[in-house]
Ligand code: PRP
């Protein structure tokens, strides 16, 4: 795959860390005096969520993890059918849920996830995504907290994969077919 694509850095680690701090500060302010239950959507959001958590100044904070499948195996397109592969471990009744995503694309995943979680009587549900691709949206989902808004490019790194690899890159890059024009 590296032969066919080249990876162009988009957001350096320092830039991501700086932005995460800003988002985390806003979250700390917004949830002041309330409980906050962060739910990480596996696997892509793990690195973003870890860094976000370290920067949120809040004592009444709990976390959980959920795994859903929306893309076919090896696929790059959301199928629109969202299945829960691993559910959260604890009740969200009365909790202020913050769903943490690495990327918001068509909105299919969050649309279904919110519908599922909303049946469990949380106090509120908000969404935080590291990357937002609004041009791809098929569902009317508007994230409450966004790291960076991006064009319709294929991105990887900082948790995001390319056929399951490159999640460990400490920065976000875009994959461009060799020979394709790019800035
Ligand atoms: C990615 C991402 C979101 C979803 C967004 O997950 O983490 O969950 O796709 O796409 P959508 O807005 O079009 O639904 P993916 O299925 O690639 O799993 P991963 O996080 O394990 O890489």
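Here, each number is a calculation from the coordinates, and none is a lab measurement. These numbers were taken from a predicted model, which means no experiment stands behind them. Cβ atoms come from the backbone with ideal geometry, glycine included; neighbour counts cover every protein chain shown.
Each residue in 30, 151 was given a count of other beta-carbon atoms within 10 angstrom of its own, and listing them fewest first yields 151, 30.
Axis angle, to the nearest 10 degrees, between helix 13-30 and the longest C-alpha principal axis of the chain: 20 degrees.
Each principal axis of the Cα atoms in the chain has its own extent, and those three values, largest first, are 53, 35, 26 angstrom. If R0 is 41 Å, the Cβ-Cβ spacing of residue 12 and residue 64 corresponds to a FRET efficiency of close to 0.85. Each of 129, 119, 109 was scored by other Cβ atoms within 10 Å of its Cβ. Arranged with the fewest first, they read 119, 109, 129. I'd like the distance between the alpha-carbon centres of region 1-57 and region 123-148, rounded to an integer number of Å. Their Cα centres are 13 Å away from one another.
I want to make sure I understand the PRE zone here: with the label point 7 angstrom from the Cα of residue 21 toward its beta carbon, which residues in region 34-61 have backbone N atoms less than 19 Å away? Those under the cut-off are 48-58. For residue 164 and residue 148, the difference between the fully extended length at 0.36 nm per residue and the C-alpha to C-alpha distance is 3.5 nm. Using C-alpha pairs under 8 Å with a sequence gap of at least 6, the mean separation divided by the residue count of region 13-150 gives a relative contact order of 23 percent.
With the helix formula -39500 (n - 2.57) applied to DSSP H stretches of n ≥ 4, the chain reaches a computed 222 nm mean residue ellipticity of -7000 deg cm²/dmol. In this simple spin-label model, placing a label point 7 Å from the Cα along the Cα-to-Cβ direction at both residue 89 and residue 43 gives a separation of 1.9 nm.
Angle, helix 108-118 long axis vs. longest principal axis of the chain, Cα atoms, 0 to 90°, nearest 10? Between helix and principal axis, roughly 10 degrees. Where does helix 46-55 land angle-wise versus the long Cα axis of the chain, in degrees 0 to 90, nearest 10? Helix 46-55 sits roughly 50 degrees off the main axis of the chain.
In plain terms, the residue of 141, 16 with the fewest other Cβ atoms within 10 Å comes first and the most crowded comes last, giving 141, 16.
The alpha carbons of region 122-183 occupy a box of 49, 25, 19 Å along the principal axes, longest dimension given first.
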